[in-house]
Amino acid sequence: MLQSNMKRLLIIRHAKSSWDYPELSDFERPLNKRGKRDLPDMAQRLSEKNLNIDLFLSSPATRAIITAIGHAEKFGVKSEEIIQDSRLFHASSKYIQKVISETSDQITSLAIFGHNPGLTDLISDISDFDLWNLPTCAVCGIDLPIASWQEITGAKGSKFYYDYPKSRN
């Protein structure tokens, strides 16, 4: 259980996507074979941590929302309950922070699904975790010493969780 003056953020990069369909826009690219394999495994690993996630927030790009749905299902959350925000598609760290800052303070634990380099930069900007690159389908959990999501800009949290598909290979 988090203290009332804490917020928990799970930052999840979309699973590996396919470049096999040149007729599709970047927004529409589906998962590739590895992405389809990694997603259920990573979602299962996260669900085994028995974390409470109050809200799932995702870029609506195909690869991101499929990743969000795969995780949400493991937490008993229906796909239509995932909030899709087009501003998260290839957003910078600062822009992601702006989107997060609009989250209701009733939400204690937020899972956000999106894209690099914004997510890696976000981790660097708001935590003590020095990460060069957030791999596809990786999850980074940060506890933030803030009472309101509006305080995220300038906050420095602590990494409490980090996992990625190849960590068990």
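The values are calculated or read from the model by the stated rules, or taken from the named source; none is laboratory data. Source: prediction; values computed, not measured. Here the Cβ positions follow ideal geometry from the backbone for every residue, glycine too, while neighbour counts run over all protein chains shown.
Data table
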read-out	value
Hey, residue 88 crowded, with 17+ Cβ neighbours inside 10 Å and farther than 20 Å from residue 66 by Cα or not	no
Number of the condition not met by residue 156 [criteria: (1) out of contact with any Asp or Glu (no Cβ under 7 Å at 6 or more places or on another chain); (2) free of Cβ contacts under 8 Å to residues at least 40 places away in the same chain; (3) over 22 Å from residue 59 (Cα atoms); (4) not aromatic (Phe, Trp, Tyr)]	(1)
Qualifying positions in region 36-89 - small (Gly, Ala, Ser), under 13 Å from residue 12 (Cβ atoms) and in a helix (DSSP H, G or I)	43, 47, 64, 68, 70, 72
Residue match in region 114-128 (condition: modelled with pLDDT under 95, over 21 Å from residue 40 (Cα atoms) and either of a type in the set (D, E, K, R) or surrounded by 14 or more Cβ atoms within 10 Å (Cβ to Cβ) (or both))	yes
Filter result for residue 130 (of a type in the set (Asp, Glu) and part of a loop (DSSP other than H, G, I, E, B))	yes
Condition check for residue 145: farther than 19 Å from residue 29 by Cα, buried (at least 20 other Cβ atoms within 10 Å of the Cβ), over 12 Å from the mean Cα position of the chain (by Cα) and not hydrophobic (A, V, I, L, M, F, W, C)	no
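Matching residues to (1) touching a residue at least 24 places away in the same chain (Cβ under 8 Å); (2) surrounded by fewer than 19 Cβ atoms within 10 Å (Cβ to Cβ):
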site: 17; (1), (2): yes, no
site: 28; (1), (2): yes, yes
site: 52; (1), (2): yes, yes
site: 59; (1), (2): yes, no
site: 73; (1), (2): yes, yes
site: 76; (1), (2): no, yes
site: 93; (1), (2): yes, yes
site: 96; (1), (2): yes, no
site: 101; (1), (2): yes, yes
